[in-house]
Amino acid sequence: MKNSLVFFIAAMLLINLQSGNAQTRGLVFGDVVWQILIPDNPGTTLQDKQVRSLKQIPDVNGDNVNDVIAATGNYWTICYSGINGSIIWQYSTHFGSINTGSVEWEDAVDIADVNSDGIFDAVIGCGGGNEMVYALNGINGNVLWSYGDVISTSDGDIESVKIKYDYNGDGKKDVLVSASGTTNGGRHALICLNALNGEVIFYRTQPQPFTDDVVATESGGAIGVNNNGSPYSVTGFDSLGNTTWSYTGPGNTWSLKEMPDVNGDSVNDIIGLGGFTGSVFAISGNSGTQIWTRSLGSGNNGKITLLDDADGNGFADFTLSGPQAAFRVDTKTGNTIWSNTTGSSYLRGVDNMGDVTGDSIDDIVIATQLQPRLIVLNGMNGNILFDHSFGTTLTQRGDRAAVLNDIDTNGVNEFMGGNREGKVICFYGGNGTMTSVNNENIQPVKFKLYQNYPNPFNPKTTINYETQIPAFVTLKVYNIKGEEIALLAEEKQNAGVYEFEFDGSDIPSGIYFYTLYAGEFKIDTKRMILLK
């Protein structure tokens with residue numbers, strides 16, 4: 001079964017390269033798997049094709065490969081096939097002079113199964129004259145629900161959408177929204193929406209007219225607020241949305257990220273990126289008390305991304321876009337593990353690639369402004385492993401970097417870049433080659449193993465898989481030595497989607513693998529990271 005899957009993916013990849021002509025050699029690290037250009041939107045003359053958000057979505061079209069969501073400046077949210085870049089569906093938020101606007105911010109897109117049909121969906125938040133939140137069906141892009149005033153054009157942009165925790169106790173992760181305002185009004189609110197129907201769970205107006213990023217945490221969350229200038233704050237809230245603490249920040253809060261506990265109080269903490277000075281800070285998740293702060297030099301709007309523990313001190317690392325150099329930083333101390341100026345100006349996109357070098361350390365993909373590039377850095381030392389040029393001018397700048405989970409099931413992820421002029425390119429992650437095959441060998445896929453969520457996790461994570469036929473199914477978890485540490489499923493199951501929770505409370509931080517078997521055949525193995 002696994003061989004059939006690899007044959008299928010290899011055939012599809014090579015058929016779609018070079019105008020449909022299969023290559024005679026296999027793909028190697030850094031080869032282009034597919035590339036597309038964002039299409040014109042016929043509803044408007046404004047064809048700003050900038051890729052503003054680029055994220056993978058678990059398989060929505062049934063080919064056992066994760067797909068891609070791209071949100072653009074010309075009002076599109078488009079779902080692309082992870083195998084060949086063909087359009088699965090597209091949704092336009094251009095409705096005319098009223099209620100028209102695009103996704104403005106990278107993290108105003110999040111991915112979750114909001115309608116509980118076993119297929120992940122896209123939840124987007126818009127700005128401009130739209131200022132709405134839409135839950136889009138992952139299968140066809142139809143609107144499942146929407147939130148906002150379709151008439152008003154002055155409510156304030158949706159800055160961030162996060163789906164991570166259940167706030168109303170119905171067992172379903174809810175949607176946190178940072179809704180900004182205007183100097184003379186607007187919402188400037190923290191809003192929590194029921195993921196099933198978009199109904200408001202809580203609505204909390206913020207003391208400042210503008211909001212920034214929002215983060216969901218196990219104790220509630222935090223949101224950045226500002227006055228179109230100082231004061232700048234990060235405000236903590238509980239699971240009801242009530243304010244619990246406030247932290248004075250260094251500037252606009254571009255990014256907030258929950259991280260495993262670093263101050264020893266057994267509560268997850270928060271990393272933030274603020275201002276135009278590349279200022280990063282760690283604060284307590286339950287009190288907002290500063291743990292450490294650092295400046296990484298001149299910076300811009302960016303995003304924090306968690307990594308594994310390269311320096312071996314038992315705490316996660318992180319990297320980020322925004323500054324003019326690439327950094328790997330220790331979450332415990334804020335100390336720089338390594339840095340690389342990369343030969344470019346601002347870093348505009350970043351993602352955790354997983355391990356592509358075989359040293360069990362997460363590597364990093366980055367999109368840069370000038371020169372416009374997509375680069376891959378060795379996670380251990382920051383050295384450049386791959387370098388692709390989008391061009392030479394600011395209109396070609398690299399804007400977003402993202403990962404596409406292991407489309408050929410060889411244990412290494414693929415990676416993507418999106419740029420200012422609307423190009424999206426998927427590159428092969430390596431670890432072997434794929435060669436063309438006879439289409440007669442293609443067999444239908446009967447099983448799907450999804451990437452665990454969240455990942456990294458602490459201490460619990462959810463593993464999903466799908467069976468399209470009745471089978472005796474086994475799901476096991478292994479440590480990096482190949483030793484079995486957990487048996488999550490071992491039974492005859494009917495066709496359907498299954499979900500299991502893995503609890504890592506009693507095992508150390510590290511890299512683990514989970515494997516799905518059907519009968520005696522190994523279907524797929526995926527990698528997950530426990531960070532305590």
Can you tell me how many residues in segment 293-310 are in a strand (DSSP E or B), of a type in the set (S, T, N, Q) and crowded, with 17+ Cβ neighbours inside 10 Å? 1
Looking only at segment 265-292, count how many residues are β-branched (Val, Ile, Thr), open to solvent by 50 Å² or more (accessible area, probe 1.4 Å) and closer than 18 Å to Asp213 by Cα. 1
Residues Tyr80, Tyr134, Tyr165: which one is under 19 Å from the mean Cα position of the chain (by Cα), open to solvent by 50 Å² or more (accessible area, probe 1.4 Å), closer than 30 Å to Gly496 by Cβ and not small (Gly, Ala, Ser)? Tyr165
Scan segment 508-532 for residues that are closer than 19 Å to Leu306 by Cβ, surrounded by fewer than 20 Cβ atoms within 10 Å (Cβ to Cβ) and of a type in the set (Val, Ile, Thr) and jot them down. Ile511
Strands (runs of 3 or more DSSP E) wholly inside segment 392-438 that include at least 1 residues being more than 16 Å from the chain's Cα centre (by Cα), over 13 Å from Arg52 (Cα atoms) and at pLDDT 95 or above: 423-427
In segment 461-494, anything closer than 20 Å to Met528 by Cα, at pLDDT below 90 and open to solvent by 60 Å² or more (accessible area, probe 1.4 Å) is listed as Ile480, Lys481, Glu483, Glu484
Say we look at segment 75-102 and pick out the residues that are under 22 Å from Tyr453 (Cβ atoms) and part of a loop (DSSP other than H, G, I, E, B); which of these is modelled with the lowest pLDDT? Ile83
Taking segment 326-372 on its own, how many of its residues are of a type in the set (Ser, Thr, Tyr) and either in a strand (DSSP E or B) or in contact with a helix residue (DSSP H, G or I) (Cβ under 6 Å, 6 or more places away or on another chain) (or both)? 3
Can you name the residue in segment 318-349 that is of a type in the set (D, E, K, R) and more than 19 Å from Trp254 (Cβ to Cβ) and is also farthest from the chain's Cα centre (by Cα) among such residues? Lys332
Does Gly141 fit the bill of being over 27 Å from Lys257 (Cβ atoms) and crowded, with 19+ Cβ neighbours inside 10 Å? yes
Taking segment 220-257 and the residues there that are of a type in the set (Ser, Thr, Tyr) and buried (at least 19 other Cβ atoms within 10 Å of the Cβ), the one that is nearest to Asp166 (Cα to Cα) would be Ser239
Can you tell me which residues in segment 27-47 are in contact (Cβ under 8 Å) with a residue 40 or more places away in the chain and not in a strand (DSSP E or B)? Leu27, Val28, Phe29, Gly30, Asp31, Ile38, Pro39, Asn41, Gly43, Thr44
In segment 315-331, residue surrounded by the most Cβ atoms within 10 Å (Cβ to Cβ) [restricted to those that are polar (S, T, N, Q) and out of contact with any Gly (no Cβ under 7 Å at 6 or more places or on another chain)]: Thr331
Of (1) surrounded by fewer than 20 Cβ atoms within 10 Å (Cβ to Cβ); (2) within 19 Å of Met416 (Cα to Cα); (3) in contact with a Lys or Arg (Cβ under 8 Å, 6 or more places away or on another chain), Thr72 satisfies every one except (1)
For Pro58, work out the one condition from (1) modelled with pLDDT under 95; (2) open to solvent by 50 Å² or more (accessible area, probe 1.4 Å) it doesn't fulfil. (2)
Can you tell me which residue among Gly334, Gly411, Gly358, Gly343 is small (Gly, Ala, Ser), out of contact with any strand residue (DSSP E or B) (no Cβ under 9 Å at 6 or more places or on another chain) and surrounded by fewer than 23 Cβ atoms within 10 Å (Cβ to Cβ)? Gly358
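The values are calculated or read from the model by the stated rules, or taken from the named source; none is laboratory data. What you see is a predicted model, and the numbers here were worked out from it, not measured in a lab. Positions of Cβ are generated from backbone atoms using ideal geometry, with glycine treated the same way; all protein chains shown enter the neighbour counts. When the accessible area is computed, the model is the full protein with side chains, heavy atoms only, and any ligands, DNA or RNA have been set aside. Shrake-Rupley method; radii C 1.70, N 1.55, O 1.52, S 1.80 Å.
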